[in-house]
């Protein structure tokens with residue numbers, strides 16, 4: 001798969017079954033370059049599974065993932081990363097014994113940059129996300145919110161066409177969330193890529209996403225603008241089981 | 001200044017070794033010089049093993065096979081022209097009937113070790129970390145069985161004698177420093193960086209576009225080459241080659257050295273060799289017997305290994321990252337704001353966590 | 001034809017022996033991701049417990065002098081205690097370490113025990129004779145089978161069946177199996193960690209004791225590395241079978257045992273010395289085709 005700026009990432013009719021459990025059941029989803037799509041849903045809705053499918057870590061039992069029409073569902077995670085799909089992880093998964101700068105450099109090397117170029121790029125991105133605690137700091141000594149931001153930055157160091165961010169704001173306080181939103185909103189312009197954002201924090205989702213896709217029990221419930229989704233009766237029903245969260249949505 | 005900072009981790013290891021060899025050459029007995037040389041050869045083995053094990057986090061028990069391959073290869077080329085046609089009649093004619101110059105012999109032998117490492121790595125590196133470790137042990141066994149029984153070429157379990165003895169202190173020192181430089185250049189290269197990323201997190205490395213297979217294979221090959229170099233040195237230090245000397249005892253010893261020094265840094269490998277070599281020497285003297293007055297004290301055989309294994313276990317339990325704790329010796333100018341090398345990372349981590357906890361209050365208020 | 005049956009019996013005897021070893025390794029691996037090199041030394045020490053520690057190469061008997069029943073009990077109990085002791089002292093403090101650290105630790109424990117034996121008994125091989133009456137051959141339907149072979153096969157298969165019954169039918173066995181397949185999940189479901197780990201080690205000790213007795217009866221010699229080869233074969237059996245899978249371990253044990261006997265029988269005489277190399281080579285070839293082993297468990301895959 002050649003690395004070009006791709007225009008669309010499309011998942012068609014994705015089914016994933018774990019044992020007897022249907023984690024995803026016929027989900028369709030399209031990301032376009034330059035846009036920010038929010039992926040929301042209750043716990044167990046299949047959001048992370050979707051990210052795993054799109055980034056090649058989970059092969060779907062049925063359905064296909066394509067980049068500008070080319071099927072990528074059989075490629076390894078590494079090849080997909082190189083083709084231009086970057087992702088972050090819920091648990092950050094930084095290279096703990098390495099420095100912040102090295103974490104980003106590795107991603108640069110992964111897409112074939114020279115070490116010098118990858119290092120320079122790493123510093124650029126770290127500056128851009130306003131990380132100021134030292135390039136040479138080892139990741140195991142990072143604060144929680146720095147950890148989350150570095151995880152995003154590492155996905156961006158792949159120069160992706162699409163960045164998939166898995167709960168980047170979890171565990172952050174209000175001030176940190178606002179800084180994070182500022183960063184995410186600007187990713188498409190700065191990196192020329194599309195963003196898919198999984199998040200439980202509705203402030204963040206409503207604040208940055210142009211469109212929102214709602215999953216529940218492995219199925220698509222709705223997709224549309226934040227205003228549209230907020231009013232969708234099916235979405236409200238899905239969230240009503242969880243009172244606190246329903247309040248957060250509305 | 002930049003160069004000094006870049007090379008400092010190497011200089012910090014090489015200069016003391018240089019001094020050691022110089023001083024022992026000036027002032028020490030031939031026996032001590034021999035010990036130093038032997039330790040330096042072990043250093044080549046340890047650094048060779050470190051290149052793969054330290055950076056990949058996958059332990060290999062098979063590296064002594066590469067050392068043995070190189071040792072036999074140099075023996076075939078350089079030893080005992082008169083006896084070869086009789087004792088090793090199965091050798092191909094050009095090897096059996098000729099004796100080759102030392103340097104080309106050494107180079108081809110090391111290359112052969114590297115080639116075998118590459119070929120076996122093609123298979124082993126496809127496996128999971130543990131599967132690869134166990135299979136590397138299979139590799140050592142296979143080589144041992146084959147070389148022990150391939151009478152017409154290896155003389156079986158008998159010892160090949162009569163190799164030219166050229167591995168003198170300065171030559172071995174040169175090779176040891178070369179091994180350190182190779183290891184250092186590898187670990188700061190793109191390959192080394194990528195490999196360490198896979199060591200920290202295989203999944204995240206794949207998401208960064210890093211190939212686990214090729215990075216491991218590259219390191220395994222380089223590491224096999226350096227192990228081969230150690231094998232050649234050992235052969236030309238002893239003047240003899242025997243398959244039994246490249247088996248589990250040596251494997252255990254080298255792994256113990258890495259564990260004790262700390263297998264996650266080059267400095268750890270070197271420090272481990274130094275410490276263990278000292279311990280071994282003390283124990284060896286004790287095994288040989290101490291006479292205190294008219295009393296003759298001596299430790300029974302087996303004590304040395306027992307104590308080594310004990311030290312290794314204690315290190316694993318109480319200081320998992322070894323004496324060096326995974327750090328290199330770094331050139332320090334200003335105390336930097338971040339985590340400087342050698343500082344306790346755990347303390348910092350705790351500080352970071354408590355910061356997180358104290359910030360949780362406002363988060364809770366939001367909902 | 002008769003020859004074929006003899007080979008078959010050999011193969012089944014050795015296969016079930018390796019299956020036992022593999023199972024004991026697989027159980028411990030399942031509950032704590034530990035590949036236990038020291039299993040080899042459990043076997044060795046079990047065998048050496050038969051004799052009085054001296055440097056002599058024809059030592060007088062210690063447990064070996066006891067009546068058969070007591071002798072078996074003494075050896076098995078010694079080895080089981082040893083296994084539990086190594087767990088308590090060396091492996092428990094490392095329980096949360098990564099598998100590579102555990103592997104290295106078990107390598108160290110193994111070396112420690114081996115040196116201990118050397119210290120107490122000297123490094124030279126020794127002769128010991130127990131169960132002498134069993135070396136007589138038994139004639140059965142025109143086939144002569146050494147009594148030892150029958151005994152090995154009988155004991156190994158009995159133990160194997162007993163263990164399978166224990167794992168499948170008893171509550172503790174089911175807990176153990178659950179823990180071996182997915183330790184974290186089992187703990188969440190209330191399986192006590194210390195207990196299952198202790199049981200896994202007890203079983204590996206018990207099997208280690210049984211294997212050492214069978215081994216001594218067969219060979220009549222003691223050697224400080226005598227436990228290594230069967231255990232190394234056991235390792236490969238678990239790797240071929242698929243790490244973390246107990247049925248895989250048994251399957252792998254039989255494959256390794258059968259291949260080993262077949263090579264021993266059908267290789268040309270001057271190549272027979274290379275038999276072990278052939279078996280190990282085959283292991284690597286199987287792994288080339290199936291890097292995860294024959295039976296892939298969920299535990300073998302890393303969750304994203």
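What follows is calculated from the coordinates using simple rules that are stated; it is not laboratory data. Everything numeric here is computed off the predicted structure, so don't read it as measured data. Note: ideal-geometry Cβ built from the backbone for every residue, glycine included; neighbour counts use all protein chains shown.
For region B:69-145, list log₁₀ I(q)/I(0) at each q in 0.15, 0.16, 0.21, 0.25 Å⁻¹, using the Debye formula over Cα point scatterers of equal strength and ignoring solvent, two decimals each. With one equal scatterer per Cα and no solvent, log10 I(q)/I(0) is -0.63, -0.69, -0.92, -1.09.
Expressed to the nearest 5 percent, the antiparallel share of DSSP beta bridges inside chain A is 60 percent. A full extension of the chain between residue B:185 and residue B:34 corresponds to an added length of 51.4 nm, given 0.36 nm per residue minus the alpha carbon distance. Relative to the first principal axis of the alpha-carbon coordinates of chain A, what is the inclination of helix A:174-191, with its axis defined by its Cα atoms, in degrees from 0 to 90 and to the nearest 10? Once rounded, the angle reads 80 degrees. Cα centroids of region C:89-133 and region C:1-76: 14 Å apart.
Return the tail of the calculated pair distribution for region C:2-227, meaning the percent of Cα-Cα pairs more than 29 Å apart.
Percentage above 29 Å: 31.
Label zone of residue A:219 (point 7 Å out along Cα→Cβ, amide N under 12 Å): in region A:13-31 this covers A:25-27.
Which angle from 0 to 90°, rounded to the nearest 10, does the C-alpha axis of helix B:248-261 make with the longest principal axis of chain B? The angle comes out at about 30 degrees.
How would you rank C:295, B:171, going from fewest to most other Cβ atoms within 10 Å of each one's own Cβ?
Fewest-to-most Cβ neighbours within 10 Å comes out as B:171, C:295.
Note on chain B: GNM, Cα springs under 10 Å; of B:159, B:240, B:215, the largest mean-square fluctuation is that of B:159. Extending 7 Å from the Cα toward the beta-carbon at both residue B:27 and residue C:195 defines two label points whose distance is 6.4 nm.
Just the number, please: Stokes-Einstein D of region C:183-226 in µm²/s, Kirkwood Rh from C-alpha pairs, 4 °C, 1.567 mPa s.
D, rounded to a whole number, is 103 µm²/s.
Most simply put, the protein assembly as shown has about 70% antiparallel DSSP beta bridges, counting only bridges with both residues inside it. Extension gain for the segment residue A:30 to residue A:203, taken as residue separation times 0.36 nm less the Cα-Cα distance, is 60.0 nm to one decimal.
For region C:197-304, the convex hull spanned by the alpha carbon atoms encloses 131 Å³ per residue. Distance between the 7 Å Cα→Cβ label points at residue C:72 and residue B:166: 6.4 nm.
Go ahead and estimate [θ] at 222 nm for the protein assembly as shown from helices alone: -39,500 (n - 2.57) per DSSP H run with n ≥ 4, summed, over the residue count, rounded to 500.
Helix-only estimate at 222 nm: -20000 deg cm²/dmol.
Would you kindly calculate the translational diffusion coefficient of region B:141-213, applying Stokes-Einstein with the Kirkwood radius from alpha carbon pairs, for 37 °C and a viscosity of 0.692 mPa s, and quote it in µm² s⁻¹ without decimals? The estimated diffusion coefficient comes to 200 µm²/s.
Each label point was placed 7 Å from the Cα along the Cα-to-Cβ direction; for residue C:127 and residue A:21 their separation is 6.4 nm. Highest mobility in the GNM of chain C, judged by mean-square fluctuation with C-alpha springs under 10 Å and restricted to C:263, C:160, C:113, is found for C:263. Ranked from largest, the principal axis spans of the Cα set of the protein assembly as shown equal 90, 74, 59 Å. Computed packing ranks the peptides A:121-129, C:167-175 as A:121-129, C:167-175, most packed first, by mean other Cβ atoms within 10 Å.
P(r) tail, chain A: Cα-Cα pairs separated by more than 28 Å, 30% of all pairs.
Label point of residue C:290 set 7 angstrom out along Cα-Cβ; within region C:250-283, amide nitrogens under 18 Å from it belong to C:250-260, C:279-283. Take each residue in C:272-282, count the other chain C-beta atoms within 10 Å of its C-beta, and the mean is 5. Relative to the dominant Cα principal axis of chain A, helix A:115-128 is inclined by about 60°.
Note on region C:200-238 and region B:106-148: Cα centroid distance 26 Å, given to the nearest whole angstrom. Cα centroids of region B:36-77 and region B:260-289: how far apart, whole angstrom? About 16 Å separates the Cα centre of region B:36-77 from the one of region B:260-289.
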